[in-house]
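The values are calculated or read from the model by the stated rules, or taken from the named source; none is laboratory data. None of the values given here were measured: they were computed from a predicted structure. Methodologically, a virtual Cβ is constructed for each residue, glycine included, from the backbone with ideal geometry; neighbour enumeration extends over all protein chains shown. With ligands, DNA and RNA removed, areas are computed over all heavy atoms of the protein, side chains included. Shrake-Rupley method; radii C 1.70, N 1.55, O 1.52, S 1.80 Å.
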Protein chains: 2
Amino acid sequence: MADDVTTILPDSVLGARHEAERRAVAAAVAIPAHVVQAKGHGHAGTAMAMAPLAHVLFQRILRHDPADPTWEGRDRFVLSAGHASLLLYTQLHLTGYDLTLADVAASRQLDARTPGHPELGHTAGVEMSTGPLGQGVASAVGIALAAQRDEALHGAGTGVFDPTVFVLAGDGCLQEGVSGEASSLAGTLGLENLVLIWDDNRITIDGGTDVAFDEDVRARYAAYGWRVLEIEDFRDLAEIERVLTAARERTGQPTLVAVRSTIGWPSQGIGGTPAAHSGGFGDAEVAAVKTALGIAADASLDDLVTPEVLTVTRRALERGARLHAEWRDAYAAWMESADGRVMMRRCSGVAGWHTDGGFAGALAMEAGLAELDAVEAPEEGASVATRATNGKVLQALQQWGGLFGGSADLSGSTSVAVPGAAMSRSNPGGDFVHFGIREHAMAAILSGIALHGLWRPYASTYLAFSDYQRPALRLQALMGLPAIHVYTHDSVAVGEDGPTHQPVEQVAALRTIPGLDVVRPADGAEVLAAWRRILSAPSGPTALVLSRQGLPTLAARSGLDESVAHGGYVARQHGSGADVALIATGSEVQLALAAARVLADEGVEARVVSMPCVEWFSEAPVEYRDAVLPPTLRARVAVEAGRGDAWWRWVGIDGRVVSIDEFGESGAGDQVMARRGMTTDAVLAAAREVLAR
Amino acid sequence: MADDVTTILPDSVLGARHEAERRAVAAAVAIPAHVVQAKGHGHAGTAMAMAPLAHVLFQRILRHDPADPTWEGRDRFVLSAGHASLLLYTQLHLTGYDLTLADVAASRQLDARTPGHPELGHTAGVEMSTGPLGQGVASAVGIALAAQRDEALHGAGTGVFDPTVFVLAGDGCLQEGVSGEASSLAGTLGLENLVLIWDDNRITIDGGTDVAFDEDVRARYAAYGWRVLEIEDFRDLAEIERVLTAARERTGQPTLVAVRSTIGWPSQGIGGTPAAHSGGFGDAEVAAVKTALGIAADASLDDLVTPEVLTVTRRALERGARLHAEWRDAYAAWMESADGRVMMRRCSGVAGWHTDGGFAGALAMEAGLAELDAVEAPEEGASVATRATNGKVLQALQQWGGLFGGSADLSGSTSVAVPGAAMSRSNPGGDFVHFGIREHAMAAILSGIALHGLWRPYASTYLAFSDYQRPALRLQALMGLPAIHVYTHDSVAVGEDGPTHQPVEQVAALRTIPGLDVVRPADGAEVLAAWRRILSAPSGPTALVLSRQGLPTLAARSGLDESVAHGGYVARQHGSGADVALIATGSEVQLALAAARVLADEGVEARVVSMPCVEWFSEAPVEYRDAVLPPTLRARVAVEAGRGDAWWRWVGIDGRVVSIDEFGESGAGDQVMARRGMTTDAVLAAAREVLAR
């Protein structure tokens, strides 16, 4: 630190290598304060205090190449404290990503590349969408988990597949249960490539953290099996570098880096108080901040980012190019190695997979579809639970290797058990993951695996417990990540375990999440057809809703793959089928079929529409939809063993919805189904009622 | 332990005071094994291993009176590991609650008083519904929190209001994030009346806990600020009594009691393995268990519960009567004390509140309604956010004292800040709670406060984060607990914070939960009217969905209280209103009103229906509904700034739904609303379209 020039200012950036670097960091501190004050809204406090750390991370620690944000070999940085988006945007601009100072200034405006919280796909260099607290931590665990497995399977020791995942979190993230769940699993699995930086600023919106959070976070993370490091002075670049360098060492444990900081530093008036969390500091205070940093009090945004500053910060481009070139050499060597050759052979036909360093995440699914062809649907009439057929699919796809996932302690009863050994600290290349009884973290970790890009992730639990996952599901849908959620035990037919385990509203509630496809197949053949679409067109997450109980396998239907891919189809038609449509999903299709047969005997020309996926049907061409549900139909009935409100869309005010709109009860599954009105008679009665109108 | 007779069996109950007690405990171990084997399904393993502990708890530790399960002064026992319901049912039967052996044998049958998981209201002595893991722990924190406040406010040191809350949890409960959130808060608040018993059996369904959960739980709880005690031998009644006696001492900290156990003990073949979690052990193994316990291998259920056993266990009735009588004396003394007299005066007119020891939980709301009368609605035309009017209501009701709650670190921006000081370790009688950034635990804790019975609990967060709370909301709705959830920032009008903070699907998703009333008022007057119904008819939980942005206060409407209580009403009618109904909620009512005015100028007779609560409207008499939405209406349009699927029920296939069915984006709130189609023009266009048909 011979070159330490910071003593010229009493409370400023410490440990800079030269005055130009100090000025660069000072600019990074001042930018968020300036932008938020200019706009009148936004979050400056954390972005200011963490600016020295972010500078060190982006200049000296992170393996990244601003010229190629999708470089497969890069380290990852996840800003779990997403409100501090200006921290990230500032670094992205300064280090040379495709983001202008005008973009940073336009933060939070409509159509800006700098939305209020970071959003995947909107800004080069943003690794995931964050904002809902705790989610970034949990998904970072997923990225690290996938990377650790990738390295173990494909090139341990080669330096090709060993990114370090850094995640920055505030107290809010660490109070959320989902981060605790994921951190506990990270400790169990020994994710040594994960570094969680905790901005320990002792402030939350409602006051000091001690009003609600006086636990010993360091001790808690040690209890999870983490290594705990400390940055005593958040302003000291040298200390930050020393600790972060230690943090990325592989020690068999994930690492928590606790940074004692002062939110809104170096503001004297507002720094260290809850007021620093959001909103402008006021012109006078922002001027004082600039002065404290050795910047002219009236400096504009352009004044802050001088050519001198950019000269310092854009060195990240050279550094990135060098790191990228070194990695490319290592990658080429790996390609020539025995491991690499085996892998290339194995993956021939799988486009985009470790073949050109592009790591596009667009894993082609042909090989998976070929494995799927080997799975036979149950024979007509055979009573087979859809979870069972789904289990066969997962086992077949395990051969393929393009899927990776596990269960929240229900691998047996959700039928997702596959051969092989679980991932563990001593077996990082394991075949599946025991996520533990942590449904929420599991869903968030799936996002991380999908973001890593090598595998289509899947996970399983009971449908009733999808409730635990909703914040992670929502973020996953927002990011358009192609995760697959296997939800079994899909209705009150679960039976004896009672209402807490019997889903009633979950299917309807999942359908409300934009971008999440909810698929509830009627039999094994529909399960297979659904997987074909899921593998072929991975547009976002899918919820696969499956029965615990056996369901009769329907008669063979020609063109079923296309029918299911369109979300709904005529499963059976009596005569013209023009009198009444009985629309059903999953286990209720059999009720509709039975009711239609009775109606046919009475001369009523009924059609049964199986609609495994309302989302897919809604997207189908209108001609297709009108052929399945002709506008000229005399009457319509929908039947589903769950909340029915949204089905009125398909039957109209004059239609009928046979649904379960209250909680279930403990008892034998078939008895509970009957008591809640899920019977052929109920469907018949509804059909007769609408036909009589 | 002079009387210890257990040495006659190599691996049996230890520390019994006499052989008859040993036999009683042996019976309690054998009952679940027998019942599950006889039925072929259910969960025996944990109920067997924890039977000695449950015996000590119910016989020697718990302050309870089996003859009066609702006795206000009782300790609480929450079985968070709800699958072990037979543990609880066995103790309830043996100690003399209103539950027969036949009831226990009928476990999991339809209409049995012994459902698969404990259910509040189904079985005397069951304190809450449990089953979804982690929920019992979190709600127990709520009961303890309420009890601690009650004691601090009403009778510290009198022994009248100082129940101890015991909760039994397995590894699953402790892996769930919600239990961690709640436990951290319990440590911060120093809930010394809370004892969490952890069945540390190192087994989960998918294998040993080490596959996913090798953290140091004891150290984690110490980090939360808990005291950690240990039971080394789960079979030793004397040790259990010693440790649980220590656990209920008041030390300023909540207590974790770790019990190292063997699931399915004393089965040699299945005990200690995941197979002991659920399902029968097989006839031979159950016979071996009985033999190991010194019971005839072919003993029937009646043989297990001998008169000698009942003589031992029914002593709980005498003990309960004695404890109850002592408490009644203390209560009477308190009534005569200065504190008691003040309280009685303050609560005159509030029926059922600490007035007869009945503690019915049916707190009459007259006094609250009187405070509500003092709150004035904003003036017509004034632009006031519904969150602001709601804040005034909460401040008024704070005077009354019948509400108690807080916020998940958003008390300011959700406008729930009330005067006074926060609850803390040093201020247990505080006026509100800082729940921390723990939305899920907050909702579960609300259930605990409601179960305690003294206050109507409320809590606040942003609507988007209601996703975090769904498992707790569902259980709360299932139990019918009258909690009030204040959700602000209720649409994409949130603006700059972007899609992660902009609710789109939340209102629709909340409406799917049976028994949860979702209320989205259009202006301050509707807020007041909604509170009148919420206070008057507390049938279950309510979600109060409020705007961040100002909304124009509508013209005065006569009979608004009744209109809102019916869920929907005609807010404005042009002419006969028979041409078209524009149905809207919350911030979209103004759009419907504006559109109706334009239509009126064109000679169209439109009515605007404000429908703040679809659930209430659905329950209204059909005559009322038909008056608001006559079947003869020519056309109908619904408008709501969120997922619209369920609105088709009210407009029909020929209607139109103006909704937001995709995620929002970052930008000024009004701009995002416009871009997502929430404009008067869009409503007009929809109305013209349906009228043209």
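Below are the figures for this structure:
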{"read-out": "Failed criterion for B:I295 (all others in (1) touching a helix residue (DSSP H, G or I) at 6+ places or on another chain (Cβ under 7 Å); (2) open to solvent by less than 30 Å² (accessible area, probe 1.4 Å) hold)", "value": "(2)"}
{"read-out": "Among the candidates A:H64, A:H41, residue that is modelled with pLDDT of 95 or more and touching a helix residue (DSSP H, G or I) at 6+ places or on another chain (Cβ under 7 Å)", "value": "A:H64"}
{"read-out": "The lone exception for A:L174 - which of (1) in contact (Cβ under 8 Å) with a residue 12 or more places away in the chain; (2) under 17 Å from the mean Cα position of the chain (by Cα) it fails", "value": "(2)"}
{"read-out": "Condition broken by A:E151, with the remaining ones in (1) surrounded by fewer than 24 Cβ atoms within 10 Å (Cβ to Cβ); (2) within 11 Å of chain B (Cβ to nearest Cβ) satisfied", "value": "(2)"}
{"read-out": "Those residues of region A:534-563 which are open to solvent by 50 Å² or more (accessible area, probe 1.4 Å) and part of a helix (DSSP H, G or I), in sequence order", "value": "A:S536, A:D561, A:E562"}
{"read-out": "Any chance A:A246 is in the same structural domain as A:V167 (by TED's automatic domain parsing) and open to solvent by less than 60 Å² (accessible area, probe 1.4 Å)", "value": "yes"}
{"read-out": "Residue match in region B:643-653 (condition: small (G, A, S), out of contact with any helix residue (DSSP H, G or I) (no Cβ under 6 Å at 6 or more places or on another chain) and not assigned by TED's automatic domain parsing to the domain that holds B:T542)", "value": "yes"}
{"read-out": "B:A581 assigned by TED's automatic domain parsing to the domain that holds B:A674 and buried (at least 24 other Cβ atoms within 10 Å of the Cβ)", "value": "yes"}
{"read-out": "The lone exception for A:Q37 - which of (1) under 28 Å from the mean Cα position of the chain (by Cα); (2) open to solvent by 30 Å² or more (accessible area, probe 1.4 Å) it fails", "value": "(1)"}
{"read-out": "Pairs, first at the interface with chain B (Cβ under 8 Å from one of its Cβ atoms) and over 17 Å from A:V639 (Cα atoms) in region A:499-513, second open to solvent by 10 Å² or more (accessible area, probe 1.4 Å) and basic (K, R), C-beta under 8 Å, six or more apart", "value": "A:T512/B:R643; A:I513/A:R474"}
{"read-out": "Within region A:210-223, tally of residues that are over 28 Å from the mean Cα position of the chain (by Cα), closer than 14 Å to A:W198 by Cα and more than 7 Å from chain B (Cβ to nearest Cβ)", "value": "0"}
{"read-out": "Out of A:E239, A:E230, A:E192, sole residue that is of a type outside the set (G, A, S), free of Cβ contacts under 8 Å to residues at least 40 places away in the same chain and more than 23 Å from A:G131 (Cα to Cα)", "value": "A:E230"}
{"read-out": "Number of positions in region B:96-111 that are in a helix (DSSP H, G or I) and either open to solvent by less than 60 Å² (accessible area, probe 1.4 Å) or closer than 18 Å to B:V312 by Cβ (or both)", "value": "4"}
{"read-out": "Region A:610-654, residues that are open to solvent by 20 Å² or more (accessible area, probe 1.4 Å), more than 9 Å from every other protein chain (Cβ to nearest Cβ) and either within 31 Å of the chain's Cα centre (by Cα) or in contact (Cβ under 8 Å) with a residue 60 or more places away in the chain (or both)", "value": "A:E615, A:S618, A:E619, A:P621"}
{"read-out": "Residue that is nearest to A:L454 (Cα to Cα) [pool: residues in region A:333-354 that are open to solvent by 50 Å² or more (accessible area, probe 1.4 Å) and either small (G, A, S) or modelled with pLDDT of 75 or more (or both)]", "value": "A:A351"}
{"read-out": "Looking only at region A:674-690, and only at residues there that are out of contact with any Asp or Glu (no Cβ under 7 Å at 6 or more places or on another chain) and open to solvent by less than 20 Å² (accessible area, probe 1.4 Å), the one that is nearest to the other protein chains (Cβ to nearest Cβ)", "value": "A:A686"}
{"read-out": "Test: residue in region B:263-282 that is within 13 Å of another protein chain (Cβ to nearest Cβ) and in a helix (DSSP H, G or I)", "value": "yes"}
{"read-out": "Test: residue in region B:67-85 that is more than 26 Å from B:I445 (Cβ to Cβ) and surrounded by 24 or more Cβ atoms within 10 Å (Cβ to Cβ)", "value": "no"}
{"read-out": "Single residue of B:R248, B:R328 found to be of a type in the set (K, R), farther than 30 Å from A:D497 by Cβ and at pLDDT 95 or above", "value": "B:R248"}
{"read-out": "Selected residue [in contact (Cβ under 8 Å) with a residue 40 or more places away in the chain, in contact with a strand residue (DSSP E or B) (Cβ under 6 Å, 6 or more places away or on another chain), open to solvent by less than 30 Å² (accessible area, probe 1.4 Å) and not charged (D, E, K, R)] from B:S411, B:S447, B:S407", "value": "B:S407"}
{"read-out": "Filter pass, B:E526 being surrounded by 24 or more Cβ atoms within 10 Å (Cβ to Cβ), more than 22 Å from the chain's Cα centre (by Cα) and among the acidic types (D, E)", "value": "yes"}
{"read-out": "All positions within region A:258-280 that are of a type outside the set (F, W, Y), crowded, with 23+ Cβ neighbours inside 10 Å and either more than 32 Å from the chain's Cα centre (by Cα) or farther than 20 Å from A:G131 by Cα (or both)", "value": "A:V259, A:S261, A:P266, A:S267, A:I270, A:G271"}
{"read-out": "Some residue of region A:415-424 being away from chain B (no Cβ under 11 Å), assigned to a helix (DSSP H, G or I) and within 22 Å of A:D523 (Cβ to Cβ)", "value": "no"}
{"read-out": "In region B:387-399, the residues that are open to solvent by less than 30 Å² (accessible area, probe 1.4 Å) and out of contact with any strand residue (DSSP E or B) (no Cβ under 6 Å at 6 or more places or on another chain)", "value": "B:T389, B:N390, B:G391, B:V393, B:L394, B:A396"}
{"read-out": "Of all residues making up region A:443-478, the number that are within 10 Å of chain B (Cβ to nearest Cβ) and in a helix (DSSP H, G or I)", "value": "14"}
{"read-out": "Residue list for region A:16-47, restricted to those being more than 12 Å from A:L237 (Cβ to Cβ), more than 14 Å from chain B (Cβ to nearest Cβ) and charged (D, E, K, R)", "value": "A:E19, A:R23"}
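The rows are residues; the columns are (1) within 27 Å of B:C173 (Cα to Cα); (2) open to solvent by 20 Å² or more (accessible area, probe 1.4 Å); (3) β-branched (V, I, T).
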position	(1), (2), (3)
A:D162	no, yes, no
A:A169	yes, no, no
A:E176	yes, no, no
A:L185	yes, no, no
A:T188	yes, no, yes
A:N193	no, no, no
A:I203	no, yes, yes
A:A212	yes, no, no
A:R227	yes, yes, no
